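To keep things clear, I will list the structure first and then write my remarks on it.
Laboratory data are not the source of any read-out in this text; all were calculated from the coordinates shown. All values reported here derive from a predicted model rather than from experimental measurement. As a convention, Cβ positions derive from the backbone with ideal geometry for all residues, glycine included, and neighbour counts pool all protein chains shown.
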Amino acid sequence: MEVIVLSDSHLPRGLDALGDQVLRSVAEADVVLHAGDITSLQALEELRSITEIVAVLGNNDRDLAGMLPDHQLLELADVSIALVHDSGATKGRANRLHRRFPGAQLVVFGHSHIPVNELGIHGQILFNPGSPTQRRSQPHRSFGRLTLRDGTILRRQIEIVLE
């Protein structure tokens with residue numbers, strides 16, 4: 001299963017700001033995980049028209065309040081995943097996320113716009129794709145790509161937005 005991971009897209013007027021590279025990746029994915037801050041119903045609906053999307057509410061998703069949960073627990077290809085927007089401060093993050101989501105093999109989060117792809121407590125993977133539209137203090141805009149199969153994460157990578 002091919003999964004594209006987005007967060008902090010900040011799309012007030014649809015998907016145009018994502019660019020061709022990200023849109024092609026979304027269209028080729030089996031599912032998109034979005035860890036909050038889509039910012040508009042229009043963008044959420046446009047994503048849903050392209051592929052399956054699982055999304056959570058971000059701190060800038062005022063128009064989506066009541067439509068999206070603050071976190072989701074799901075299984076894709078027998079991989080247990082927690083999806084949340086804000087993981088809190090960097091210090092203590094691995095312990096905090098493991099306590100909050102002890103059964104998750106993979107915790108996907110956003111908020112900081114800082115890509116993270118690291119091992120947490122007891123092999124739990126912590127994954128923040130960064131932002132495909134706002135690099136802030138990072139050298140590049142970014143998004144994530146996962147390949148999942150039979151309970152295993154075969155690939156987890158941060159992709160640089162080149163276009």
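With a simple spin-label model that places each label point 7 Å from the Cα along the Cα-to-Cβ direction, the separation between Q21 and Q42 comes to 2.5 nm. Exposure proxy for D37, D63: other Cβ atoms within 10 Å of each Cβ, ordered fewest to most, give D63, D37. Length gained on full extension, E118 to Q138: 5.5 nm, using 0.36 nm per residue less the C-alpha separation.
Over the C-alpha trace of region 34-91, radius of gyration and Dmax come out as 12.1, 38 angstrom. State the antiparallel share, in %, of DSSP beta bridges confined to region 2-160, rounding to the nearest 5. Of the beta bridges lying entirely in region 2-160, close to 60 percent run antiparallel. Please list log₁₀ I(q)/I(0) at q = 0.08, 0.14 Å⁻¹ for the chain, using the Debye equation with identical point scatterers on the alpha-carbon positions. Per q value, in the given order, log10 I(q)/I(0) is -0.19, -0.62.
So which trypsin sites (Lys or Arg not before Pro) in region 1-110 are both in a DSSP loop and have at most 12 other Cβ atoms within 10 Å of their Cβ?
Values: sites: R13, R24, R48, R62, K91, R93, R96, R99, R100; in loops: R13, K91.
Those that pass, being in a loop and sparsely packed, are R13, K91.
This ranking places V22, V5 by how few other beta-carbon atoms lie within 10 Å of each, fewest first, which gives V22, V5.
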